[in-house]
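Here the structure is laid out as structure tokens; the discussion comes afterwards.
The values are calculated or read from the model by the stated rules, or taken from the named source; none is laboratory data. As the structure is a computational prediction, the values presented were derived from the model and not from experiment. We place every Cβ from the backbone using ideal geometry, glycine too, and count neighbours over all the protein chains shown. To get the accessible areas, we keep the full protein, side chains included, count just its heavy atoms, and leave off ligands, DNA and RNA. Shrake-Rupley method; radii C 1.70, N 1.55, O 1.52, S 1.80 Å.
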Amino acid sequence: GSVVQGNYIGTDFSGTIALPNSDTGVHLSNVQGTTIGGVAAGAGNIISGNGNHGVVVTGAGSASNQIQGNSIGLDMTGAGALGNVSVGVRIGGGAHDNTIGGAVAGGGNLISANGLDGVLLADAATRNNTVAGNLIGTDRTGTIDLGNTMSGVAISQADTNTIGGATIAERNLISGNDLFGVIIAGAAATANTVQGNVIAENAGSGVSLFGTPTG
């Protein structure tokens, strides 16, 4: 039930100059029901410029956490690159049933200009996580390339996760990334769903599958 809202994490008070934490901006380990950001005006955090990941959610005890309305890798204007050194949002270690964005108005995150992937879902038993309603690789208008250095969304050995959804509100815009739009890799990466997204103008393939994922 904890809430992390309205902070500048990795920047100065202007939200435009990096003052990095040496590791991750926000790290959740085996926690439940935490909200990072929110849908109300001013609830989102600026999580940028940090020396490792922007946000990490890890551990089998991490469930039902929400990451909403944040700028992860951009400055407070949503137009300037201020990337975290590694991944924008990393969910792994068996974390499950967490949401990055969502269909609710104001829930989408800006996840761009990070040094590795925008979003990474990693490790066996990391499942039932949802990535929806986000701008991944662009500025806040969705029209300017501020891509993540690797892929927009990467799924590695994780299963039964959803990228996008059946409604317009669940759609992610995944564009401008320097490798793939979406990559699903590893034999354990089964039963993942990529649905209803706009995946365009990434440097590599829009959607790539490696390592014989099935389902």
Test for residue 113: is it part of a loop (DSSP other than H, G, I, E, B), at pLDDT 95 or above, of a type in the set (A, V, I, L, M) and in contact with a strand residue (DSSP E or B) (Cβ under 8 Å, 6 or more places away or on another chain)
yes
Residue among 188, 200, 122, 132 that is among the aliphatic types (A, V, I, L, M) and in contact (Cβ under 8 Å) with a residue 60 or more places away in the chain
188
Any hit, segment 103-111, residues being of a type outside the set (A, V, I, L, M), closer than 18 Å to residue 16 by Cα and out of contact with any Gly (no Cβ under 7 Å at 6 or more places or on another chain):
no
Go through (1) open to solvent by less than 30 Å² (accessible area, probe 1.4 Å); (2) closer than 19 Å to residue 88 by Cα one by one and return the number of the condition residue 149 breaks.
(1)
Which of the residues spanning segment 125-139 are more than 26 Å from residue 75 (Cα to Cα) and assigned to a loop (DSSP other than H, G, I, E, B)?
125, 126, 128, 129
If you check residue 177 against the conditions, is it out of contact with any strand residue (DSSP E or B) (no Cβ under 6 Å at 6 or more places or on another chain) and either among the aromatic types (Phe, Trp, Tyr) or open to solvent by less than 60 Å² (accessible area, probe 1.4 Å) (or both)?
yes
Subset of segment 2-19 that is under 23 Å from residue 35 (Cα atoms) and part of a loop (DSSP other than H, G, I, E, B) - its residue that is most open to solvent (accessible area, probe 1.4 Å)
13
Exactly one of these conditions fails for residue 56: (1) in a loop (DSSP other than H, G, I, E, B); (2) in contact with a His (Cβ under 6 Å, 6 or more places away or on another chain). Give me its number.
(1)
When segment 25-50 is checked residue by residue, the ones that are open to solvent by 40 Å² or more (accessible area, probe 1.4 Å) and either closer than 18 Å to residue 114 by Cα or assigned to a loop (DSSP other than H, G, I, E, B) (or both) are 27, 30, 31, 39, 40, 41, 42
Name the single residue that is farthest from residue 102 (Cα to Cα) among those in segment 51-67 being of a type in the set (Ser, Thr, Tyr) and open to solvent by 10 Å² or more (accessible area, probe 1.4 Å).
58
Among the numbered criteria (1) within 18 Å of the chain's Cα centre (by Cα); (2) in a loop (DSSP other than H, G, I, E, B); (3) surrounded by fewer than 17 Cβ atoms within 10 Å (Cβ to Cβ), which one does residue 22 miss?
(1)
Would you check which residues across segment 84-106 are assigned to a loop (DSSP other than H, G, I, E, B) and either of a type in the set (Lys, Arg) or crowded, with 24+ Cβ neighbours inside 10 Å (or both) and list them?
84, 87, 88, 95, 98
